[in-house]
Each structure stands twice: as structure tokens, then as C-alpha cells.
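One structure below.
The values are calculated or read from the model by the stated rules, or taken from the named source; none is laboratory data. What you are looking at is a predicted structure, and each value in this text was computed from that prediction instead of being measured. We place every Cβ from the backbone using ideal geometry, glycine too, and count neighbours over all the protein chains shown.
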Amino acid sequence: MPPLNNVIRNGQLEADIWRAFVPDENAPASASATHALPPDENGWLVTLATWRAARDALRLRRHPVAVYLGPDADPEDLLEAGAATIDATGIAHLAIDFPVYTDGRGYSLAQLLRTQYGWGGELRAVGDVMIDTVHYMARCGFDAFAVKPSHDPQAALAALGTFTVHYQKTYPAAAAPATSATSRPAVR
């Protein structure tokens, strides 16, 4: 999983507290199943495989975990047996990876999670998240962005308000920063 950087969330920059949990593969087979889970504390990001294997145990914890989804993840894997929508109990947010700029599968995955699987919680873009992509990610349903380390998170935040008129239907966009009285009016 990629290391995460500054996060745009709710129209503001925030420090990123989330860290990837990597199970100890050298733990003896006789070890408790809890060795395959992060400690019950805030800020853990688990893989979809870990979530699926320990969903019930993770939901009983005091601190919810974030679930990391690769671009090829199947949204069905987040559903309970027989359910039509995702149960958000125990999930702080879903983090969808963009491994490279040219990989657009995360856009489709976000749209599916929002429109067909009923995900109403935070949807975070991680990986190769750049200034010029956050606006389009927001239009597909993302509302939080872990900006790539080589890009200026403040410029990415400003990019959320780049376009004010759209020609296509969209998911409600993430909050853009407030504009000052000295800013230029939008081109229409």
C-alpha cells in the first residue's frame, strides 16, 4: 500500500493519521487470529482481504478501520451475504488506490460504490493523486484525497474549485475552499 501524504478532507487540509497494517507473515500458525489484526487504536488501514477475513471482529472494536481497495477490487466483496448495500459499521473510510496516473479504474470503482452499492461514507483517493485530477475524482464521488508527495496539497485543494459549470451529471462534489473577495469570478 502506498504511503499517504497530506489529505484534503471536508474542503480543508488535514494531517494524515492513517497507516497501513501489514500482518506478520512469520507468526506461528498456532498464534491467535488477533495477531493478524492491527491493535484497537485509531488510524489503521487494512486490506480488503483482511477486512473480509475478520469483518466481524473488526466491527466489534472501539476504533473503526479504513479499508484499502486496489483499482481492481470488486465492490461485491464489501457486501454481507444477501445484502444489496454496504454496511459501514466498523469502517472509517474506503481508500481507493490509483497506482499510476493513467489508471482510471478507481474513478469507475468510486462511481459504483456511490451509486450501486450505497456507500455514503468517506471515499478517499490514494496513490498517484495529483493536482489536476482531484476535481475529476470529486465528480466521481471522492470526498477526500491523499495528495501525491511531489504535489502541493494547497494547490490541489484550490483545484477543487477550478470549474463551476459542468455539462455532465455528477455525484455531489467534495467541498471546495471558500473564495476570497479578491478572487476572479468564474468563467461561464
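Checked against the criterion of being in a strand (DSSP E or B) and out of contact with any His (no Cβ under 6 Å at 6 or more places or on another chain), region 85-92 contains one or more residues that satisfy it. Among the residues of region 34-82 satisfying the criterion of being among the polar types (S, T, N, Q) and in a helix (DSSP H, G or I), which is surrounded by the fewest Cβ atoms within 10 Å (Cβ to Cβ)? If we take residues in region 34-82 being among the polar types (S, T, N, Q) and in a helix (DSSP H, G or I), then THR34 is surrounded by the fewest Cβ atoms within 10 Å (Cβ to Cβ).
Could you please let me know if THR89 is among the polar types (S, T, N, Q), modelled with pLDDT of 90 or more and surrounded by 14 or more Cβ atoms within 10 Å (Cβ to Cβ)? When the stated conditions are applied, THR89 does not pass them. Residues in region 127-147 that are more than 19 Å from GLU14 (Cβ to Cβ) and in contact with a strand residue (DSSP E or B) (Cβ under 7 Å, 6 or more places away or on another chain): 2 in all. For region 74-98, the set of residues classified as in contact with a Lys or Arg (Cβ under 9 Å, 6 or more places away or on another chain), of a type outside the set (A, V, I, L, M, F, W, C) and closer than 26 Å to ILE17 by Cα consists of ASP77, ASP87, THR89, GLY90, HIS93, listed by residue number.
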